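Engineer: Take a look at the following structure, please.
The values are calculated or read from the model by the stated rules, or taken from the named source; none is laboratory data. Everything quoted here is computed from the prediction, not taken from an experiment. Virtual Cβ from ideal backbone geometry, glycine too; neighbours counted across all protein chains shown. Heads up: the accessible areas ignore ligands, DNA and RNA and are worked out on the full protein's heavy atoms, side chains in. Shrake-Rupley method; radii C 1.70, N 1.55, O 1.52, S 1.80 Å.
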Amino acid sequence: GTGADNDLYINQAVVFIEDAIQYRSINHRVDFNSLWLYRWYYSRIWQWILSLTITIILALAFIEKPSSLTVTSDVRYRHPAWNPPCGLTESIELLCFLVFVVDVSVKSYLIGWEEFWKNKWLMAYILTLIVSLTDWIVSLSFFCAEDVRIRRILRPFFLLQNSSMMKKTLKSINSTLPEMASVVLLLAVHLSLFTMFAMLLFARTKDGQQDKEWLSYFRNLPDSLTTLLVLLTTANNPDVMIPAYSKNRAYSIFFILFTVLGNLFLMNLLTAIIYNQFRGYLLKSVQSSLFRRRLGIRAAFEVLSSLKEAPGNAQQSYVSTGALLQVLQKVEMDSRCKQAIMRSLKTYSCDQLSAAQFQKLFEELDKDAIKQHPPSPEYQSHFMQKMQFAFGHPYFGYLGNVVALANIISICVVLVMDADKQPSERDDFFLGAINCFFILYYLLEMLLKILALGLKRYLSYPSNRFDGLLTVILLALEIATFAVYGFPHPGWRPEFMGLLSLWDMVRLVNMLIVFRFLRIIPNMKFMSLVVTTLLDLVKNLRAFAGILVVVFYAFAITGIMLFKGAVLEFLGGVFILFPTSFYIKKVTVVLYFQKKYDFMALFGHFQAEVSCCLFYLLSVNLICRWAKIYFVAWWLISSVIWVNLFVALLLENFIHKWDRRCHREPVSDIEYQRTVELMFRDVLEEPTEEELMEKLHQHPHLQLCR
């Protein structure tokens, strides 16, 4: 009936607008039941369940054998870790797989069979589940005693496929690979040529005393390549040069030329290429997101114009404002945007909207998120007005910064004076007294600002929330110190009481005071610009962080499979490694660890690998000769590719912020929040009506009236 058709059109318009808000594709089923299932699938509850499931299956690596449940990673001191019994983590895995099966089934049904064969991500999703379930069955058949678990390496895929921005970023990376390959090939040529020069230059001589360079670094081709590869990252500079330099100063020319050509030219050229190519592809990706948004809004207009009561003629379609209001009541969107659209809708004199007017209404979605601070309280008393003017003035904040600087200087003076004193000789009276004075000032400053600005306006500024929170914590710590150890006095060195000693309490207070000094950042324009760039980058960096998690996780699991259980003995500062992996046979390596933290840089379990070993290797510290391929691959992906992509996004964000700073003066009571899409808003091209209608007519499940 007519009423049922109208309800269907309304629901279709609601879903299309929600697709436009989230930059989703509209190529999905649009019948009544499918729309209900579609909205349920993208509801907060199901997306929360899916995110929780992904988190759980990734976190299993911390408790699976070999477990990370130890206090220390140092193999000399740690106790045997608890390992879960067979079937515990496997049961949790099975539940996660069932959730993923539901997820892929619903997603495949909603897009339809025709679209399914075009979607490579969904086919990869199904293949990953099949392989994982097969490996899970094999694992149980071996009673969890197998060394190789393929499904553990595949787990990061579930995180990857669940994020559209992560997929776009991965496509961006893939598009930059051909250009990066040319520079990497040039780097390989550079490395090979200098390796040949080095082997000829530092060849073995008759005088064994003069062969330190050959013996330590250039004994054979693999060692020479490794030495110069590490030198390319400056991790072994200047150690690699010292033996030759001690023999003859002229040898330094070789190392200087290699470093200048490799580091200053080729590596920076790689950064420039990645920035240029990635920015171009990211711009295309954002352009396609804009097209999806405009297509979703136009699809909503077309279905609403099909309503029986919708006014229209043969030449042009219209949508009634009543139908749009009905849709807006059902749409899940930001209240700011919804209110802005409704306000704009009231300005129209007629109750009919053309396609252009309809599209213009939803341009609110593209605007900066604006946060306006609440007004200050209005005092009637003349004295209170003067107080409000004095303590709400920027100069009062500057005075607070000067006081905070004085506090930092006083702490530095005391630390320098007490640096060489034994704990029994140290007098904490002076430091405790100045801390008490400054904390009372901070409390008074906070209360006076609240009086001048009002509580709501005071809390609306992030810097005030940061300042106020630290002031409250400092006050609580100071009260706790006085309650346990009494008030400061000369010779104030009481015995240990409670959870922390007096010195620990004082140190904790001083660390918070130093941290509080960051309050000066908003008052320094250029520093504030840099910090806001970094904060915006963190907000928009979820896709990059997600890909880094995927890479870390895959390499960590691979490292455990290859090197798990390799450390059998520790004798006299020497680790003896024996092969235990399926992939490494008949290899015995002796490692001499010269740094204390190298005892933790082992592949015994997942937490040690992620938190220590891979971060340690991110700055390039090759460990074993037979593991070079693994570590060089990690260095190329993390330090060369990912770090340069991070630099590209950082540059783009900073340049955008700088341009806006030069063209628009900041408004004191308004804060602008921008996303990656809004960064490129000024250079994006609006799709034409012909492009939108052509795409709508290609929709596999939507039949338009015109």
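Engineer: Please specify each residue of segment 399-419 satisfying the condition of being modelled with pLDDT under 75 and not aliphatic (A, V, I, L, M).
Structural biologist: Scanning segment 399-419 gives a single hit, 418.
Engineer: Kindly check whether there is at least one residue in segment 122-136 that is among the hydroxyl-bearing types (Ser, Thr, Tyr) and open to solvent by 20 Å² or more (accessible area, probe 1.4 Å).
Structural biologist: Taking segment 122-136 as the starting set, the residues that turn out to be among the hydroxyl-bearing types (Ser, Thr, Tyr) are 125, 128, 132, 134.
Among the residues that remain, those that are also open to solvent by 20 Å² or more (accessible area, probe 1.4 Å) are: 134.
So far as segment 122-136 goes, yes, one or more of its residues are among the hydroxyl-bearing types (Ser, Thr, Tyr) and open to solvent by 20 Å² or more (accessible area, probe 1.4 Å).
Engineer: Among the residues of segment 342-354, is there at least one that is open to solvent by less than 60 Å² (accessible area, probe 1.4 Å), at pLDDT below 85 and closer than 30 Å to residue 171 by Cα?
Structural biologist: No: zero hits.
Engineer: Which residue pairs have Cβ atoms under 9 Å apart, sit 6 or more places apart or on different chains, and have a first residue in segment 616-639 that is at pLDDT below 80 and open to solvent by 10 Å² or more (accessible area, probe 1.4 Å) and a second that is basic (Lys, Arg) and assigned to a helix (DSSP H, G or I)?
Structural biologist: Pairs that qualify, where the first residue is at pLDDT below 80 and open to solvent by 10 Å² or more (accessible area, probe 1.4 Å) and the partner is basic (Lys, Arg) and assigned to a helix (DSSP H, G or I), are 622/628.
Engineer: Only residues that are of a type outside the set (Asp, Glu), exposed (fewer than 12 other Cβ atoms within 10 Å of the Cβ) and outside any helix (DSSP H, G or I): list them for segment 179-230, please.
Structural biologist: Passing the criteria: 203, 205, 206, 220.
Engineer: Please determine whether any residue of segment 394-411 is more than 19 Å from residue 468 (Cα to Cα), in the same structural domain as residue 464 (by the TED database) and in a loop (DSSP other than H, G, I, E, B).
Structural biologist: no
Engineer: What helices (runs of 4 or more DSSP H), lying completely within segment 438-543, carry at least 1 residues that are under 30 Å from residue 159 (Cα atoms), at pLDDT below 70 and among the charged types (D, E, K, R)?
Structural biologist: Values: elements: 455-459, 462-485, 502-516, 525-539.
Of the helices (runs of 4 or more DSSP H) lying wholly inside segment 438-543, those with at least 1 residues that are under 30 Å from residue 159 (Cα atoms), at pLDDT below 70 and among the charged types (D, E, K, R) span 525-539.
Engineer: Here is a further query. Show me the helices (runs of 4 or more DSSP H) entirely contained within segment 1-108 in which 2 or more residues are more than 28 Å from the chain's Cα centre (by Cα), surrounded by 13 or more Cβ atoms within 10 Å (Cβ to Cβ) and β-branched (Val, Ile, Thr). Working first, answer last.
Structural biologist: Values: elements: 2-21, 32-41, 44-59.
The qualifying helices (runs of 4 or more DSSP H) are 2-21.
Engineer: Oh, and also: Take the residues in segment 380-393 that are over 16 Å from residue 449 (Cβ atoms) and either touching a residue at least 12 places away in the same chain (Cβ under 8 Å) or not in a helix (DSSP H, G or I) (or both); name whichever of them is most open to solvent (accessible area, probe 1.4 Å).
Structural biologist: Selected residue: 380.
Engineer: Also, I was wondering about something else. Run residue 254 past the list (1) over 34 Å from the mean Cα position of the chain (by Cα); (2) in contact (Cβ under 8 Å) with a residue 12 or more places away in the chain; (3) outside any helix (DSSP H, G or I) and report the number of the one that doesn't hold.
Structural biologist: (3)
Engineer: Condition first: out of contact with any Lys or Arg (no Cβ under 6 Å at 6 or more places or on another chain), without any contact (Cβ under 8 Å) to a residue 24 or more places away in the chain, open to solvent by 30 Å² or more (accessible area, probe 1.4 Å) and not acidic (Asp, Glu). Can you find one or more residues in segment 165-174 that meet it?
Structural biologist: Step one: of segment 165-174, the residues out of contact with any Lys or Arg (no Cβ under 6 Å at 6 or more places or on another chain) are 165-174.
Cutting the leftovers down to without any contact (Cβ under 8 Å) to a residue 24 or more places away in the chain gives us 174.
After this cut, where a residue has to be open to solvent by 30 Å² or more (accessible area, probe 1.4 Å) as well, the list is 174.
If we keep only those that are not acidic (Asp, Glu) too, we end up with 174.
The answer is yes; a qualifying residue exists.
Engineer: Return yes or no: is residue 431 in the same structural domain as residue 487 (by the TED database) and open to solvent by less than 30 Å² (accessible area, probe 1.4 Å)?
Structural biologist: Taking the combined requirement at face value, the residue satisfies it.
Engineer: Kindly evaluate residue 276 against the criterion of being exposed (fewer than 15 other Cβ atoms within 10 Å of the Cβ) and closer than 30 Å to residue 685 by Cβ. Talk me through it step by step, then tell me what you get.
Structural biologist: Values: exposed (fewer than 15 other Cβ atoms within 10 Å of the Cβ): yes; closer than 30 Å to residue 685 by Cβ: yes.
Against the criterion (exposed (fewer than 15 other Cβ atoms within 10 Å of the Cβ) and closer than 30 Å to residue 685 by Cβ), residue 276 qualifies.
Engineer: Next question, about the same structure. Need the failing condition index for residue 366 against (1) open to solvent by 20 Å² or more (accessible area, probe 1.4 Å); (2) modelled with pLDDT under 85, just the number.
Structural biologist: All conditions are met except number (1).
Engineer: For segment 231-251, name all the residues that are closer than 15 Å to residue 187 by Cβ and in a helix (DSSP H, G or I). Full working, then the answer.
Structural biologist: From segment 231-251, those closer than 15 Å to residue 187 by Cβ are 231-234; that's our starting set.
Once the filter is applied, which keeps residues that are closer than 15 Å to residue 187 by Cβ and in a helix (DSSP H, G or I), segment 231-251 yields 231, 232.
Engineer: With respect to residue 158, determine if the residue is open to solvent by less than 70 Å² (accessible area, probe 1.4 Å), within 28 Å of residue 701 (Cβ to Cβ), in contact (Cβ under 8 Å) with a residue 12 or more places away in the chain and part of a helix (DSSP H, G or I). Spell out how you get there, then give the answer.
Structural biologist: Numbers: open to solvent by less than 70 Å² (accessible area, probe 1.4 Å): yes; within 28 Å of residue 701 (Cβ to Cβ): yes; in contact (Cβ under 8 Å) with a residue 12 or more places away in the chain: yes; part of a helix (DSSP H, G or I): yes.
Judged against the criteria, residue 158 is a match.
Engineer: Quick test of your reading of the structure: residue 64 fulfils all but one of (1) under 29 Å from residue 289 (Cβ atoms); (2) touching a Ser or Thr at 6+ places or on another chain (Cβ under 9 Å). Name the failing condition by number.
Structural biologist: (1)
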